[in-house]
Amino acid sequence: MKRREFVGGLAVAAGLTACGGDPGADHGNAAGSADASRQERHRWNMVTSWPPGLPGLGTGAEKFAADVERASAGRLTIKVFAGGELVPALEVFDAVSRGAAHIGHDPAYYHRGKVPAAQYFTCIPFGQNANEINAWVYYGGGLALWQELYADFNLLPFPIGQTGVQMAGWFNKEIRSVADLVGLKMRIPGLGGEVMQRAGVTQVTVPASEIFTSLQSGAIDAAEWVGPYNDVSLGLHRVARYYYYPGWHEPGPMIECIINKDAWNALPEDLQEIVKVCCRAANLDTQAEYTYGNAMALEQLSRDPNVEIRPLPDDVLALLKRISREVIEELSARDPWSARVQKSFDEFQARSIANQLISEQAFLNARSDRPRI
Ligand code: CA
């Protein structure tokens with residue numbers, strides 16, 4: 001019902017603008033009709049999960065909207081809403097699916113309760129890094145699987161951003177061994193949260209806007225968010241002392257652009273192409289911004305006397321890796337779609353590891369004689 005209302009509204013809005021120039025009077029043939037569709041103006045609302053102005057993710061959505069508007073010479077304009085402005089931060093998927101917004105910008109794993117296999121299109125613990133997930137999605141069959149998975153929800157997804165490997169998170173006490181995890185209350189979403197839960201942590205999911213106050217009040221003892229660039233912008237270094245790496249649970253998290261299929265089908269082909277190309281541009285740009293921003297913010301944190309940057313102990317990482325495999329296998333056992341996506345994901349990852357070992361990993365090891373921190 002709501003979807004039909006929304007499509008009707010879109011058609012009226014487009015028609016009003018298109019009729020302004022009376023295209024029928026100038027173009028009485030098929031070519032004219034195509035010209036007319038190229039004069040129509042489309043106005044979309046984009047809902048996101050991000051706090052207002054959040055560097056990288058929030059500003060990435062704004063840049064994407066500006067790119068689309070410029071590339072289309074104003075024929076498609078996208079108004080971006082921060083989390084909670086139009087719909088709650090964690091309800092972007094449902095809002096776009098039912099047509100309450102045309103387009104959304106969020107991580108797929110926020111919807112794991114409804115679409116468990118969606119988690120593969122953000123990241124998997126000990127899974128693919130940023131380079132690998134882009135390779136799998138664009139060249140390894142990932143995007144086709146993802147679009148098939150979302151078709152039942154009247155959604156068309158594309159990658160639109162990438163943070164690169166994240167941090168393990170902020171803790172209010174030292175983690176010296178697996179015993180130190182037990183009893184902690186930690187904000188950590190997705191499969192990573194399920195793994196932590198099995199390691200003895202109480203897992204909670206709160207949107208980014210609530211992490212600072214939850215840590216400050218003691219409602220939670222630990223939280224992962226993204227990495228230095230975003231964590232500093234939320235002020236997390238002011239409410240927790242110990243900052244652990246690596247982000248075993250989020251090695252290359254991809255951000256999704258989800259488009260309501262009725263809104264998509266109402267666009268002429270050239271505007272569809274502009275949206276697709278701008279998604280690819282945003283995916284590249286976001287990763288570059290995080291690579292730069294994380295380096296700058298890490299310098300700041302490493303100079304802060306109230307922050308200790310530490311590696312997770314080997315026994316903790318070994319435990320989390322073992323539990324991660326269990327959680328992933330159980331997910332596939334109970335959800336056929338997850339099994340199908342896992343097969344494709346794992347096949348590429350298994351083949352990629354040898355190449356990563358002798359390229360990125362070998363080079364980075366060769367370049368750095370020792371960790372700087
Ligand atoms: Ca994260």
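Using the alpha-carbon atoms, what tilt in degrees (0 to 90, nearest 10) does helix 336-356 show relative to the longest principal axis of the chain? Taking Cα atoms only, the helix is inclined about 70 degrees.
Of the residues ASN355, ASN306, ASN172, the one that moves most in a GNM of the chain with alpha-carbon contacts below 10 Å is ASN355.
Rounded to the nearest 20 Debye, what is the dipole magnitude of region 280-319 about its Cα centre when Lys and Arg each give +1 and Asp and Glu each give -1 at the C-beta?
120 debye
In the assembled protein chains, SER368 presents an accessible area of approximately 60 Å² (probe radius 1.4 Å). Charge tally for ASP285 (other residues, Cβ to Cβ under 12 Å; Lys, Arg +1; Asp, Glu -1): -1. Seen from VAL226, the other residues with C-beta closer than 14 Å to its C-beta sum to a net charge of -4, counting Lys and Arg as +1 and Asp and Glu as -1. Helix 142-151 and the longest principal axis of the C-alpha atoms of the chain enclose an angle of approximately 60°. Take the chain, mark every one of the trypsin sites (Lys or Arg not before Pro) that falls in a DSSP loop and has at most 13 other Cβ within 10 Å, then report the longest stretch left between them, sites excluded. Here the longest segment lacking exposed loop sites spans 177-371. Solvent-accessible area assigned to carbon and sulfur over region 92-213 amounts to 51 percent, based on a 1.4 Å probe.
Between SER368 and ASP152, the C-beta separation translates, for a Förster distance of 45 Å, into a calculated FRET efficiency of about 0.45. Comparing mean-square fluctuations of GLN216, GLN203, GLN361 from a GNM of the chain with C-alpha springs under 10 Å, the top value falls on GLN361. Placing pseudo-labels 7 Å out from each Cα toward the beta carbon at ALA288 and VAL182 gives an inter-label distance of 5.0 nm. In a Gaussian network model over the chain where Cα atoms closer than 10 Å are linked, find which of ALA89, ALA100, ALA144 has the largest mean-square fluctuation. Checking each option, the largest mean-square fluctuation is seen for ALA144. Scaled against 2.2 N^0.38 Å for its residue count N, the alpha carbon radius of gyration of the chain is 1.06. Seen against the Cα atoms of the chain and their longest principal axis, helix 30-39 is set at about 50 degrees. Annotated for the chain: lysine pairs at least 8 residues apart or interchain, Cα distance under 17 Å, count 5. Excluding ligands, DNA and RNA, the accessible surface per residue across region 89-203 is 30 Å² with a 1.4 Å probe.
Compute the Cα gyration tensor for region 317-373, then decide on rounded, prolate or oblate, letting a ≥ b ≥ c be the square roots of its eigenvalues: rounded whenever a/c is under 1.5, prolate when a/b is larger than b/c in the other cases, and oblate in all that remain. Cα axes put region 317-373 in the oblate bin.
With a cut-off of 13 Å between beta carbons, the residues surrounding PRO251 carry a summed charge of -3, where Lys and Arg count +1 and Asp and Glu -1.
The residue among ASN129, ALA66, GLY227 whose Cα reaches farthest toward the positive pole of the charge dipole of the chain, with charges on the beta-carbon of Lys, Arg, Asp and Glu, is GLY227. Each peptide in 145-152, 49-56, 311-318 gets a packing score, the mean of other Cβ atoms within 10 Å over its residues, and the list from highest to lowest is 49-56, 145-152, 311-318. For region 65-139 versus region 206-270, the inter-centroid distance based on Cα atoms is 13 Å.
The values are calculated or read from the model by the stated rules, or taken from the named source; none is laboratory data. Because the structure is a prediction, the values reported are computed rather than measured. Counting neighbours? That spans all protein chains shown, and the Cβs are built from the backbone with ideal geometry, glycine included. These area figures cover heavy atoms from the full protein model, side chains too; ligands, DNA and RNA do not enter into them. Shrake-Rupley method; radii C 1.70, N 1.55, O 1.52, S 1.80 Å.
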